Amino acid sequence: LDRFELKENYPYIDTKFSLITGKDFAEPESGLDIYSRNVIYAWIQGRGLEALAKHLLWLDATKGNEKYNRKQAMEKTVHVLRKTSAACEDLRKNLNGRMSFMISASGERLCVLDSGVVRLNKIPEEANFSDIFYSKGLFHAGEVLGDDILTNAGEEYFKKTVELVLAGKFITDQQPMDPKNAVTPIPGKISHGPLMICLGGVALMLQNRKNEYWFDKGERLIMHILQKHVNYDEKFTELNRHDFVEFITTDGQPYLSDGKIACDPGHALEFVGLACKVIVAMRNSGICAGKLAILESLCKEVFPQILVNTFRLGFNEQAGGICKLCDLVKRKPVNDDMPWWSLPETMRAVALC
């Protein structure tokens, strides 16, 4: 919120600073690079809108605790939500109603080459992660602002995106920035990722739209991931029970690469937390009680097992972190980097389980 005030004519959530030094990244003398302020990341804007919307609700609920200027913080948050959602919607109009990982301030889609050079590209017709992150963020921003235009636009955009994801029409738009974390899509290598990220949006919808449509979407997403990626029923005889497979083949088998079967422990733990969040929202909605009882019965049995099994697989006790990628065959890390985000995901999964 404070950074937003520093740049009066910059309407986007600004994360263009080093977490190590606290200083802004230097603008390139010519052209664009991944640190340029005029390179807008749709993931950041979408997640930022959703986070600020939640922050506004939290601020509103803290009446009586006036150690800080709550009213001023709420006004600042509303200001950012309005300006950023309006600016992002202008970008989306330039992109025929879609969003993408990197967008120029003039509304063009950007990509990263192996050399690090930023260039233009077209958006595939299939859904992407930016569609998911931004649509649910737009919806939540509209809800807390009481803006029906934004709310309805976000829900309609999210609805189209979820339908595409469930139909298998998805291509990641994430760009390669870390040599140890390959993100280029490979034909026949199918991730659970888009279905899992959709769960967060479905929980939001159920909290605000208590209807059977969103209940059914949540149930389908959870069951698809359980049936296709989780060995709770011992369908993958070469793996341990409750192993979570990151990628499968088109015929439903674990994707084998150099003799390894990948599990991203952070993603598996994130799935448990997000799926629990959906089930809590289903319960609170008071609809479809019969369907919910069946789903809850299975998930109460399976989710804690996935959680414990995955945590044991990925946790580096000495360092206190969770490894980015493990091999389910040899049950050892393949990428021993430990991202920050898997720890809060684990805490949410534990709390909601």
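The values are calculated or read from the model by the stated rules, or taken from the named source; none is laboratory data. Everything numeric here is computed off the predicted structure, so don't read it as measured data. A quick note on method: Cβ atoms are made from the backbone with ideal geometry, for glycine too, and the neighbour counts reach across all protein chains shown. The area values use the complete protein model at the heavy-atom level, side chains included, leaving out ligands, DNA and RNA. Shrake-Rupley method; radii C 1.70, N 1.55, O 1.52, S 1.80 Å.
Taking a ≥ b ≥ c as the square roots of the eigenvalues of the Cα gyration tensor, an a/c ratio of 1.5 or more together with a/b no larger than b/c marks the range 120-246 as oblate. With a simple spin-label model that places each label point 7 Å from the Cα along the Cα-to-Cβ direction, the separation between K228 and W341 comes to 2.0 nm. Each Cα pair under 8 Å and six or more residues apart adds its separation to the average, and for the chain the resulting relative contact order is 12 percent.
Considering only alpha-carbon pairs that sit under 8 angstrom and 6 or more positions apart, the relative contact order computed for the range 1-119 is 27 percent. When only the Cβ of Lys, Arg, Asp and Glu is charged (+1, +1, -1, -1), the dipole of the chain relative to its Cα centre reaches about 520 debye. Which residue fluctuates the most in the chain, going by a Gaussian network model with Cα springs under 10 Å, if the choices are G321, G290, G201? Comparing G321, G290, G201 in a Gaussian network model of the chain, the most mobile one is G290. Note on W58 and E163: the extension gain reaches 34.7 nm, defined as 0.36 nm multiplied by sequence separation minus the Cα-Cα distance.
Each listed q (0.15 Å⁻¹) maps to a log10 I(q)/I(0) for the range 205-353 from the Debye sum over equal C-alpha point scatterers, namely -0.77.
Restricting attention to the chain, close to 95% of DSSP beta bridges with both partner residues there are antiparallel. Using Cα springs under 10 Å in a Gaussian network model of the chain, which residue among T310, T21, T151 shows the largest mean-square fluctuation? The residue that fluctuates most here is T21. Straight-line reach only, C-alpha to C-alpha below 28 angstrom: list the lysines that K235 could link to, leaving out same-chain residues fewer than 8 apart. Here the lysines satisfying the reach criterion relative to K235 are K169, K189, K217, K260, K277, K291, K300, K324, K330, K332.
Among the protein heavy atoms of the chain, carbon and sulfur supply 53% of the accessible surface, probe 1.4 Å, non-protein parts ignored. In a fully extended conformation the segment linking K7 and K332 would gain 112.4 nm over its present Cα-Cα distance, using 0.36 nm per residue. When the chain is treated as a GNM with alpha-carbon contacts under 10 Å, the residue of L221, L298, L269 showing the greatest mean-square fluctuation is L298.
Indicate the gyration tensor shape class of the range 7-155 (rounded, prolate or oblate), computed on the Cα atoms with a ≥ b ≥ c the square roots of the eigenvalues: a/c under 1.5 is rounded; otherwise a/b larger than b/c is prolate and the rest oblate. Oblate, since a/c reaches 1.5 and b/c is not below a/b.
Dipole of the chain computed with +1 at Lys/Arg Cβ and -1 at Asp/Glu Cβ about the Cα centre; of N121, W340, N38, farthest Cα towards the positive end is W340. Proximity of backbone amide H atoms, modeled 1.01 Å from N, is registered between V334 and L325, C326, D327 at under 5 Å, excluding neighbours fewer than 5 places apart on the same chain. Helical content alone sets the calculated 222 nm signal of the chain at -17000 deg cm²/dmol, taking -39,500 (n - 2.57) per DSSP H segment of four or more residues and averaging over every residue.
Heavy atoms of the protein chains alone define the surface here; on that basis the chain has 50 Å² accessible area per residue at 1.4 Å probe size. With all projection directions averaged, the alpha carbon convex hull of the chain covers 19.3 nm². For the range 230-244, 3J(HN,Hα) computed residue by residue from phi via the Karplus equation (6.51, -1.76, 1.60; θ = phi - 60°) reads 10, 8, 6, 9, 6, 6, 9, 5, 7, 10, 6, 5, 6, 5, 10 Hz, glycine and proline entered as x.
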